[in-house]
Amino acid sequence: MAPTTHPTAIRPGRWRRLRRGAAGSVATALLGTAAAVLPAVPAHAAGPGQLIYVADQGAGSVVAVDSATWATVATVPVGTAPVGVALTPDGSQAWVVNSGSSSVSVLDTASNTVAATLPVGSAPGAVAVSPDGTHVYVGHNSSAPVEVVDTATLTVAATIPAGNYTAALRPSPDGTRLYVSDFGGDAVRVVDTTTNTVIASVPSRDPAGIAVSPDGARVYASNYNDPTVTVIDAATNTVTATVPVGHQPQGIAITPDGSTVYVGNRLGNSVSVLDAATNTVIATLPVGAGPNAVLADPDGSRVYVANSFAGTISVIDTATLTVTATVPAGSRPYGLAMGKPALPAVTGLAPATGPTTGGTTVTLTGTHLTGTTAVAFDGTPASGVTVVDDTKVTAVAPPHAPGTVGVTLTAKGRTVPAGSYTYQAPTPTVTGLAPATGPAAGGTTVTLTGSNFTGATAVTFGTAPAVSFTVDSDTQITATAPTASTSGPVDVTVTTPGGTSTTGTTDRYTYTKDTTRLTANPLLLSIAPGQLSVNLNLSATLTDTTTGKPVPGATITFKAGTTTVCTATTNAAGTATCTGPCPVAAVLLGLGYTATYNGSPTQEAATATAGLIRIS
């Protein structure tokens, strides 16, 4: 980190403007009596947002704050005057340099406690972690060399004489280079991390902050007393541009896409915003007093600025280049580092069903949902994804075939399961029948019109299934009416995977009774003089004239005049025969007989008359 400066007065002379610690010895063996190996534990995931670790120089502590709510999650006492903090790549440890006590505190971010305290050289002021997490680099506000700490053994693996007064350290993205701001030597030293030797020195006046572009192609150094930013070509280690900025530039950060550079102007109480493509200042944003540390959010949406004199953090929206919040951050915030993002988690999805046509607004609930960029149903993106708050997201389901599918949510580059959603085919609707009437004998071809008929599995007339049916289209079915057990109206329904159509007047089909015909044959008979009674052998045939078929099992009543002679049941041919006595008087008066069928729930009644012919 850069040296401490009084907020209102700048004393003459470069060396008098900055307070430095005295030179101290460099630990070269085991660093103190701390445990030899720190536990590898997952990053802290509490709270609704990603954590920012703030080195509070004035309070001798590191404060973990929630970047979503700015609530303080933990305050961890460390050494005296902590001025720099850096996290390991997995986010499990935060390494803090304590300038006043010449030590490094190693924090376990799972428990937010100090896991180890390591003595180091005099007045450590800068700290950086290698991209693979195997080494930590510690620079000093003194003539002490840069220390290379092995994170597995907590020993100094090497020291790098890289100048006088190291204000900042930054490794290249691939870890092969370490860039050291040699404040006292007016240069940026380029270190080969394989040999831990300086391989190049690039002129830069009083470099206080260093940033490396995400692709490793450019290095930016803020020149504290110049006030400019030096732009260095990392391939040739040459200066390609010098960009004027605000008063006493110090902290510097680059957005994840490498397009924009943010520079904190410590005594200018401002942040200069540079376009990395043109190396020009495109905006100057007022912030709190004494901005000295600048941190870009990994998602590129915000930049955080520690205002050490004001005891606040300014939050900059990178889309609008405006300060959207100023939040308290201890007594003298000096260093900033961002923890690993908390994984989004979806705990609920409602409704969990909807039509295959899509269009249902689904609400997903859970935690850490801020930053959601996509919701997908079986891999198909939903539309209208809206982040209501950190616990709620809404999305509109896309169309899909029937069935249950998995839903996923993506937030800040992390895709997680979000539950299951069942697509249901829409319920069919019957809006018309043609014809709407037919005989109870069935067999009528009926055309059903309506909607959502695709995939129909059944057509039913009342409780009886259709003899057969064909789905002509999503709006038409042709069905053959079954035989009815009684005449009268019934509802015709259609069943699909989406359900069964509701009944109403538009699906009403009326069964009519079949017409019948009864035929009887004349009977020849002989009556003797004085005979009072005669046995009559009678017969009649019943036919369903609607179907043209004989009617078996029907009861036929035979009468001569008013006298019931007998009753009989029709056989398979529809014929009923019976014999019964009849008074001769009734025969002689009527000279005929009547056969009667009283009908049934599905057939009309019928009557036939035939003669009784007397022969002598």
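The values are calculated or read from the model by the stated rules, or taken from the named source; none is laboratory data. Just so it is clear, the model here is predicted, and its values are computed rather than measured. With ideal geometry, Cβ positions are generated from the backbone for all residues, glycine too; neighbour counts draw on all protein chains shown. Ligands, DNA and RNA are excluded from the accessible area calculation, which covers all protein heavy atoms including side chains. Shrake-Rupley method; radii C 1.70, N 1.55, O 1.52, S 1.80 Å.
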Just to check your reading of the model, which residue among ARG218, ARG205, ARG170 is charged (D, E, K, R) and over 26 Å from VAL97 (Cα atoms)? ARG218
Scope segment 291-307; condition part of a loop (DSSP other than H, G, I, E, B) and either in contact with a helix residue (DSSP H, G or I) (Cβ under 8 Å, 6 or more places away or on another chain) or at pLDDT 95 or above (or both); matching residues: none
Looking at segment 544-552, can you tell me whether even one residue there is assigned to a loop (DSSP other than H, G, I, E, B), in contact (Cβ under 8 Å) with a residue 24 or more places away in the chain, open to solvent by less than 20 Å² (accessible area, probe 1.4 Å) and hydrophobic (A, V, I, L, M, F, W, C)? yes
For a quick check of your reading: which strands (runs of 3 or more DSSP E) sit entirely within segment 50-100 and have at least 3 residues that are crowded, with 21+ Cβ neighbours inside 10 Å? 51-56, 61-66, 82-87, 93-98
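Condition check ((1) small (Gly, Ala, Ser); (2) open to solvent by less than 30 Å² (accessible area, probe 1.4 Å)) across all residues:
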{"site": "PRO256", "(1), (2)": "no, no"}
{"site": "ALA277", "(1), (2)": "yes, no"}
{"site": "ASP299", "(1), (2)": "no, no"}
{"site": "ASN307", "(1), (2)": "no, yes"}
{"site": "ALA319", "(1), (2)": "yes, no"}
{"site": "ALA337", "(1), (2)": "yes, yes"}
{"site": "ALA342", "(1), (2)": "yes, yes"}
{"site": "THR356", "(1), (2)": "no, yes"}
In the set SER143, SER122, which member is under 27 Å from THR238 (Cα atoms) and either assigned to a strand (DSSP E or B) or at pLDDT below 95 (or both)? SER143
If THR380 satisfies every condition in (1) crowded, with 16+ Cβ neighbours inside 10 Å; (2) touching a His at 6+ places or on another chain (Cβ under 9 Å); (3) among the polar types (S, T, N, Q) but one, which is the exception? (1)
State whether the residues of segment 526-543 include one that is out of contact with any strand residue (DSSP E or B) (no Cβ under 9 Å at 6 or more places or on another chain) and polar (S, T, N, Q). yes
If you go through segment 455-470 one residue at a time, how many are surrounded by 15 or more Cβ atoms within 10 Å (Cβ to Cβ) and either among the basic types (Lys, Arg) or touching a Ser or Thr at 6+ places or on another chain (Cβ under 7 Å) (or both)? 6
Quick check on segment 194-222: of everything there that is open to solvent by 30 Å² or more (accessible area, probe 1.4 Å) and in contact with a Gly (Cβ under 7 Å, 6 or more places away or on another chain), which residue is nearest to ARG266 (Cα to Cα)? PRO214
State all residues of segment 308-327 that are in a strand (DSSP E or B) and either in contact with a Phe, Trp or Tyr (Cβ under 8 Å, 6 or more places away or on another chain) or among the acidic types (Asp, Glu) (or both); if no residue qualifies, say none. ILE313, SER314, VAL315, ILE316, ASP317, ALA325, VAL327
Condition set within 17 Å of GLY455 (Cβ to Cβ) and aliphatic (A, V, I, L, M), scope segment 471-486, selection surrounded by the fewest Cβ atoms within 10 Å (Cβ to Cβ): answer is VAL471
Of the residues in segment 516-525, how many are open to solvent by 70 Å² or more (accessible area, probe 1.4 Å) and not charged (D, E, K, R)? 3
Restricting to segment 148-199, what's the tally of residues that are touching an Asp or Glu at 6+ places or on another chain (Cβ under 6 Å) and within 18 Å of THR236 (Cβ to Cβ)? 2
Among residues belonging to segment 146-162 that are part of a loop (DSSP other than H, G, I, E, B) and open to solvent by less than 30 Å² (accessible area, probe 1.4 Å), point out the one that is nearest to SER102 (Cα to Cα). LEU154
Scan segment 358-377 for residues that are part of a loop (DSSP other than H, G, I, E, B) and open to solvent by 40 Å² or more (accessible area, probe 1.4 Å) and report the count. 2
Of the residues VAL459, VAL490, VAL446, VAL467, which single one is β-branched (Val, Ile, Thr) and within 30 Å of THR422 (Cβ to Cβ)? VAL459
Can we say ALA152 is under 37 Å from the mean Cα position of the chain (by Cα) and not polar (S, T, N, Q)? no
If I filter segment 107-143 down to residues being surrounded by fewer than 19 Cβ atoms within 10 Å (Cβ to Cβ) and of a type in the set (A, V, I, L, M, F, W, C), which single residue comes out as nearest to the chain's Cα centre (by Cα)? ALA110
What are the residue pairs meeting all of these: first residue in segment 268-279, first residue at negative phi, second residue open to solvent by 10 Å² or more (accessible area, probe 1.4 Å) and of a type in the set (Lys, Arg), Cβ atoms under 8 Å, and 6 or more apart or on different chains? ALA276/ARG218
Identify, please: which residue in segment 563-585 is open to solvent by less than 20 Å² (accessible area, probe 1.4 Å) and of a type in the set (Gly, Ala, Ser) and is, among those, nearest to the chain's Cα centre (by Cα)? GLY574
State the number of residues belonging to segment 399-430 that are of a type in the set (Gly, Ala, Ser), open to solvent by 30 Å² or more (accessible area, probe 1.4 Å) and not in a strand (DSSP E or B). 2
Among the listed residues THR318, THR360, THR365, which satisfies the condition of being in contact (Cβ under 8 Å) with a residue 24 or more places away in the chain and within 30 Å of TYR262 (Cβ to Cβ)? THR318
